[in-house]
Amino acid sequence: FSNLNLELEEVTTHHSDVEAALRKYYLPDGERAFLPAKFVGYTKQELYSEFCARIEELEQTSSLTLLSSLEASLRIDYLNRCDRKKKDDLSREFRLIYKKQQSNISLEDGILEAWKRHCPELNALISEVIAVFKYRHWLAHGRYWKPKLGRKYDYSYIYSLTKLVYDRLPLLRQ
C-alpha cells in the first residue's frame, strides 16, 4: 500500500485548521488588524455570504476526504483479509471474491454487502454507509446532477458516521 491514505485524525485536524483560518480571514472590518485588498468595497452582508460559501465548500471537500479515507480503509481491510488468509467467514468470502475480481471489487455491492451478511448486528450502520457513499459519488463526480439522497449530509454527520464505523467494524489495518 502507498501509506498515503489519511487517518481520521489527520482529516479532522486539517478541517479545523482551515475553518479557523477562514473565520479569521473573513472577520468583519472593525475586528481585524488589516483589510485584505480583496474585501475593499464589500458590504458586511457580502463578506458574510462569501464566508458562508467558503465554509460550505470546506465541509463538502472535508466530507469527500473523510469518505475517501473510509473507502481506503475498507479496501485495505479487504485486501489484508485476502492476503493474511484469516479463517473467519468474512475473510473466506473475501478470498472467494478475490479469486474472481481481485481488487476490482465494488465497495457497496461487494465489500459492504459482505460485511452486512457476516455482521448482521451492524446492518443498520453498514446500510447508512452505503447510503452516504451516494453523496460521496455526487461530490467526487463534480456535483453536476441533483442528487436524490433521502437526507442532507454535512461534515459533522459524516465525521460521526465514519468514527462509528472505525469504532464498530474490526478492520484489519496496515
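Does region 163-174 include one or more residues that are open to solvent by less than 70 Å² (accessible area, probe 1.4 Å) and closer than 13 Å to Ser63 by Cβ? Quick ask: steps written out before the conclusion?
Just the residues of region 163-174 that are open to solvent by less than 70 Å² (accessible area, probe 1.4 Å), to begin with: 165-166, 169, 171-172.
Narrowing the set further to residues that are closer than 13 Å to Ser63 by Cβ leaves none.
Checked region 163-174: no residue is open to solvent by less than 70 Å² (accessible area, probe 1.4 Å) and closer than 13 Å to Ser63 by Cβ.
Selection over region 32-48 of residues that are assigned to a helix (DSSP H, G or I), loosely packed, with under 12 Cβ neighbours inside 10 Å and not hydrophobic (A, V, I, L, M, F, W, C) gives a count of 4.
With respect to being within 29 Å of Ser160 (Cβ to Cβ) and either surrounded by 17 or more Cβ atoms within 10 Å (Cβ to Cβ) or free of Cβ contacts under 8 Å to residues at least 12 places away in the same chain (or both), Tyr98 falls outside the description. Restricting the first residue to region 149-164 and requiring it to be within 16 Å of Thr13 (Cα to Cα) and among the aliphatic types (A, V, I, L, M), which pairs with a second residue that is outside any helix (DSSP H, G or I) and open to solvent by 60 Å² or more (accessible area, probe 1.4 Å) meet a Cβ separation below 8 Å and a spacing of at least six or different chains? Final answer for the pair search is none.
Can you pull out the residues in region 1-28 that are part of a helix (DSSP H, G or I), out of contact with any helix residue (DSSP H, G or I) (no Cβ under 7 Å at 6 or more places or on another chain) and either under 30 Å from Ile76 (Cα atoms) or open to solvent by 100 Å² or more (accessible area, probe 1.4 Å) (or both)?
The initial filter retains those residues of region 1-28 that are part of a helix (DSSP H, G or I), namely 8-25.
Still in the list and also out of contact with any helix residue (DSSP H, G or I) (no Cβ under 7 Å at 6 or more places or on another chain): 9-10, 13-14, 16-17, 20-21, 23-25.
Result: Glu9, Glu10, Thr13, His14, Ser16, Asp17, Arg23, Lys24.
The values are calculated or read from the model by the stated rules, or taken from the named source; none is laboratory data. Treat the numbers as computed from the prediction; the structure is a model and nothing was measured. Don't worry about glycine lacking a Cβ; one is built from the backbone with ideal geometry, like all the others, and counts go over all protein chains shown. These area figures cover heavy atoms from the full protein model, side chains too; ligands, DNA and RNA do not enter into them. Shrake-Rupley method; radii C 1.70, N 1.55, O 1.52, S 1.80 Å.
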